[in-house]
Amino acid sequence: MTLTAPDHTQAVPALAAPSLAELGLRESATFDRATIADIQRAAETGIYDIRGWGAKRKVPHFDDLLFLGASMSRYPLEGYREKCGTDVVLGGRYASKPLRLETPVTIAGMSFGALSANAKEALGRGASAVGTSTTTGDGGMTPEERGQSKHLVYQYLPSRYGMNPDDLRKADAIEVVLGQGAKPGGGGMLLGQKITERVAGMRTLPIGIDQRSACRHPDWTGPDDLEIKIAELREITDWEKPIYVKIGASRPYYDTALAVKSGADVVVLDGMQGGTAATQQVFIENVGIPTLAAIPQAVQALQELGMHRKVQLIVSGGIRTGADVAKAMALGADAVAIGTAALIALGDNNPRYAAEYAKLGSAAGFYDDFQDGRDPAGISTQDPELSARLDPVAGGRRIANYLRVLTMEAQTIARACGKAHLHNLEPEDLVALTIESAAMARVPLAGTSWVPGATGTGF
Amino acid sequence: MCGIAALQLRNPQLRPKMGSLLSTMLCEIVDRGPDSAGLAVYDNPELNTLGKSTLSLLGADLEISSADIDALLAELLPEGATSEVRIVGDTTLVSAEVATEDLAGAVARAYPEAVVAGRGERVTVMKSVGHPVEVAERHGLEGMYGSQAVSHTRMATESAVTAGGSHPFSVANDLCLVHNGSFSNHASVRRELKRLGVEFDSENDTEVGARYVAHRLQQGDDLETALVNLGKVLDGFYTLVVTTADSMAVVRDPIACKPAIIAETDDWVAMASEFRALAELPGIENARIFEPEPGRVYTWSL
Amino acid sequence: METFDLKVDDVRALNKAIHQSANGRSFAVEHPGGKHSLAVGVNASLDVEINGHAGYYAAGMNQGGRITIHGNAGVGVAENMMSGIVHVTGDASQSAGATAHGGLLVIDGNASARCGISMKGVDIVVGGNIGHMSAFMAQAGRLVVCGDAGEALGDSIYEARIYVKGKVASLGADCVAKEMREEHLAELAGLLHAAGRDGDPADFTRYGSARTLYNFHVDNSSAY
């Protein structure tokens, strides 16, 4: 790196225009500019705002937790030399062919339809390169996706778009979806722009219509019926495939317990920050609980049933770094799933498309109108020209790189905590920076033994 | 979330077989709720006597002494009469020739921890945690006589797996209610009932339904009207079976997702969550079999 | 003919044997007793006779099988069927033929709520009545009802066609009665014939989508 002294001969830039504060203007905290825009948009269009990207509001998250690295009382492992295992087996409770992954970072369910075929292929390539799984979404399994995915989880959703027994038998695991973090209790939505001939064909829908997906499964409700449904899926696939149950985090203690009682091999828990697909903003921002608050509740349910580590817990919703991976696992997850982060790794919201985001009335880092199908990065679109911008081979490499970094980062932390396997991280390796996160994650506030809300601790 | 099997025997000749018929039905709904179970049996002469109140208390180890209760009932018991304490499986029965409220009051004062699971002159309620078939065996269901009976297997949703949280909920004389589904506004209805002076034993949503029905009956509704009113107040998903001293009712919410199937012959009427629970009933091959329509109250009297 | 007596044999063995069978085989199931998941995942042109009442999801995801239930069927009979024929001689419970993509489902008796929910190409012929919310979000295929239909028939229907002979308690959002043209009379005659039923197609009324909910319009917001 070369340092250059500043050149004082250049003209001093003109003074910026006076700030709003200097003009004596004060923005309302209640009616801020985004709120004003929302009200105006509602009044103009008569329909709620629909968007992707999960909750944007600030909620207590993994950033509010810190690890207690080893020093004197505990011994760290030597990085790069002493092994820190990352493998995970998912679904050994009942399935004769459980999934054996090399890293606990998996790719969450995102549909072909919501995403382009190239994006789906890239996710499959990237996941396969590092020995992890990828997941279909609402709309069926594409040959590209199956072909490029070593481990493919087939989602079983209320709409059953594209659901067929041949693909069920081709899948490596089946994920019965009850809900998503962005919208626990809500159905799906895919606007007409994305219902192209191929998407419409796969979903048995007219081309170009707004597709609405049901919020409840058509042929079962509640855990007593779910148990019978899971048994049917097992019978159809001769008890080979692991069966996951995915829930949106709202009452995860009860929902996890009921998923276990219904016979799930794996519970997938999606916090409110999760969700790439489009849904009502009012839903995304106001329904569900943060990932951080959800994990300890689910783990408690598993522990009380004697099923922790026997029924695996996959956590999603706001996983971005290896630290997040390690923190989720320390709180009791067996694996994590990434959605939004994977799309960003593929090139979503990349500043190179700044001019095009501007044309769409957005900006790099803010673009969330995945439902419109006009994604400049060629990911959340069915437009052939835009899709072609994403090279599935290069995209796959980016995904693989990113997954490797997440894994290595998690290992770095685990070694520092003296663990020879990621699964040996535990809540006692963590402290919290804020009272809120301490209460939610059920770990002590840093430097104290205080876990707010817990009985029998405190000063 | 649960399994329900209920049977009303119109033909008295079948009543000695009540226990064995209900056991068969219960075995088939175990998968729907293996956490815990409850049974209610009407008009069993070994358990209930007309003219005598009987309380069904949770647990067999309450160590209740008849003398303690007699002391509190001294003024009320007929000349020379005493209360009677019996253990049936995991249930303690306390009977006396006094009004049920007086007997319940005496038990509550002498044994404040005791939880009343059933009350009345004609019904005994037996509830316990554990595998439903074992619960039934411990109580000797197989050999029981009865005119009506209800069994319930529970997969607890949002409240604890306890005997108290099991169904049926029997909160008024000879009234029992079982539920499959989940009420979505039970907390508000509970608050309103509490404001009206109704007391609760558990956090269970079904208890709210039972207390609501008991409250409406007390206000003068007949069973059918009480259930129509329940549909106006309680939101969510439900299939309910309610039994009284001489009748049985079935109702489902207007969306009607939770399963229910009814079979009826001249000799009996049965309701279950699934057909397989009805498969072995005598004369099932010629029974009228149908699913209750959404939002409609069905009642049958003995 | 291979026979499974479910008083002795378990459902898993039955389904496994069916999955391993080639075209042309036939199976009899005795004492089904309302058990669940009978003959699910059939993937060959073979015959299964279920002699009694079946529980949930009988003949689920059938591909090419000819499956007869001599009795009543529980929730979700022939759910997600792809092809083949499923025949119920008695009544069917909720969600009969849910999300099925193809094949023919014949129910001689009544079908309860949500018959043909989200159907995606299957043909369903019901001899009796159907319950409420039937053909909800029905995407493709034909639903023939020789009796009456319950509340909210065809709510949010897409391109499926419904033929009802009796009364319709009420139509769901975006479902309307439509003209019976020659091609519909011919289509219905074919379906009735395939289901082994008599009846004059001219006695039926056709219902389908008004297609007003296909793309959001603010004036329809109450229907969402």
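Could you name the lysines whose alpha carbon sits less than 27 Å from that of C:K165, not counting residues in the same chain fewer than 8 places away?
Here the lysines satisfying the reach criterion relative to C:K165 are C:K120, C:K178.
Would you calculate the separation in nanometres between label points at A:A420 and B:L50, each defined as 7 Å from the Cα along the Cα-to-beta-carbon direction?
Each label point lies 7 Å from its Cα, and together they span 7.7 nm.
Given a cut-off of 24 Å, name the pairs among A:K229/A:K310; A:K56/A:K419; A:K120/A:K170; B:K52/B:K127; A:K97/A:K183 whose C-alpha atoms lie farther apart than that in the structure shown.
Over 24 Å apart, Cα to Cα: A:K56/A:K419; A:K97/A:K183.
What do you reckon, how do A:K194, A:K359 stack up by accessible area (1.4 Å probe), largest on top?
Largest accessible area first, the list is A:K359, A:K194.
Only residues of region A:345-370 count here: report those whose backbone N is under 20 Å from the spot 7 Å along Cα→Cβ of A:A394, or say none.
A:345-357, A:364-365
Give the lysines reachable from B:K232 as a straight Cα distance under 22 Å; neighbours fewer than 8 places away on the same chain don't count.
Of all the lysines, those that pass the test against B:K232 - Cα under 22 Å, at least 8 places apart if same chain - are B:K194, B:K258.
Between A:E428 and A:D49, take the C-beta separation as r, use R0 = 41 Å, and let me know the FRET efficiency to the nearest 0.05.
About 0.45, to the nearest 0.05.
For A:Y156, what accessible surface area do you get with a 1.4 Å probe? Give it in Å², rounded to 10.
Its accessible surface works out to 0 Å², give or take rounding.
Just in region C:1-103: which trypsin sites (Lys or Arg not before Pro) are loop by DSSP and have at most 10 other Cβ atoms within 10 Å?
C:K7
For a Förster distance of 56 Å, can you work out the FRET efficiency between the beta-carbons of B:Q219 and A:A354, rounded to the nearest 0.05?
Between B:Q219 and A:A354 the formula returns 0.25.
How high is the FRET efficiency between A:E22 and A:E285 when r is their beta carbon distance and R₀ equals 35 Å, given to the nearest 0.05?
Here the calculated transfer efficiency is 0.65.
Which of the peptides A:213-219, C:87-93 is most tightly packed, and how do the rest follow, going by the mean number of other Cβ atoms within 10 Å of each residue?
Final packing ranking: C:87-93, A:213-219.
Suppose each label sits 7 Å from its Cα in the direction of the beta carbon; what would the C:S170-A:T30 distance come out to in nanometres?
Taking the simple label geometry, C:S170 and A:T30 are separated by 3.9 nm.
Using only the alpha-carbon atoms, how far is helix C:182-194 inclined from the longest principal axis of chain C? Give it as 0 to 90 degrees, nearest 10.
Relative to chain C, helix C:182-194 is tipped by roughly 20 degrees.
At 7 Å along the Cα-to-beta-carbon direction for both A:E304 and B:A245, put a label point, then send me their distance in nm to one decimal.
That separation, rounded to one decimal, is 4.0 nm.
Per-residue mean of other chain beta-carbon atoms within 10 angstrom of the beta-carbon, peptide B:271-282?
Average neighbour count from other chains, rounded to a whole number: 5.
For Cα pairs less than 8 Å apart in space and 6+ apart in sequence, what is the mean separation divided by the residue count of region C:111-224, i.e. the relative contact order in percent?
Normalised by residue count, the contact order of region C:111-224 is 21 percent.
Partner chain Cβ atoms within 10 Å, averaged over the residues of B:148-161 - can you pull that number for me?
2
What accessible surface, in Å², does a 1.4 Å probe find on A:I413, ignoring ligands, DNA and RNA and rounding to the nearest 10?
We get 40 Å² for A:I413.
Quick one: compute the contact order of chain A, relative version, from alpha carbon pairs under 8 angstrom and 6+ residues apart, as a percent.
Relative contact order for chain A comes out at 22 percent.
To test your reading of the geometry: what angle, between 0 and 90 degrees and rounded to tens, separates the Cα axis of helix B:18-29 from the longest principal axis of chain B?
That helix lies at roughly 60 degrees to the long axis.
Whole Å is fine, so just give me how far the alpha carbon centre of region A:92-146 lies from that of region B:225-302.
45
Specify the inter-centroid distance of region C:40-55 and region A:71-89, based on alpha-carbon positions, in whole Å.
Distance between centres, Cα-based: 54 Å.
Counting Lys +1, Arg +1, Asp -1, Glu -1, what net charge surrounds B:A279 among other residues with beta carbon under 12 Å of its beta carbon?
Value of the local net charge: -1.
Connecting C-alpha atoms closer than 10 Å in a GNM of chain B, tell me which of B:E63, B:E101, B:E46 has the biggest fluctuation.
Result: B:E46 has the largest fluctuation of those listed.
List the DSSP H helices in chain A whose Cα atoms stretch 27 Å or more along the helix axis and whose mean Kyte-Doolittle hydropathy is at least 1.0.
none
At a probe size of 1.4 Å, how large is the accessible area of B:D102, to the nearest 10 Å²?
Near enough 60 Å² of accessible area.
Give me the percent relative contact order of region A:66-108, please, defined on Cα pairs under 8 angstrom at least 6 residues apart.
27
How long is the gain from B:S20 to B:A81 if the chain were fully straight, where each residue apart is worth 0.36 nm and the alpha carbon distance is subtracted?
Value of the extension gain: 18.6 nm.
The values are calculated or read from the model by the stated rules, or taken from the named source; none is laboratory data. The structure displayed is predicted, hence computed values, not measured ones. Glycine gets a Cβ as well: all are built from the backbone with ideal geometry, and neighbour counts include every protein chain shown. Surface accessibility is based on the protein's heavy atoms, side chains included, excluding ligands, DNA and RNA. Shrake-Rupley method; radii C 1.70, N 1.55, O 1.52, S 1.80 Å.
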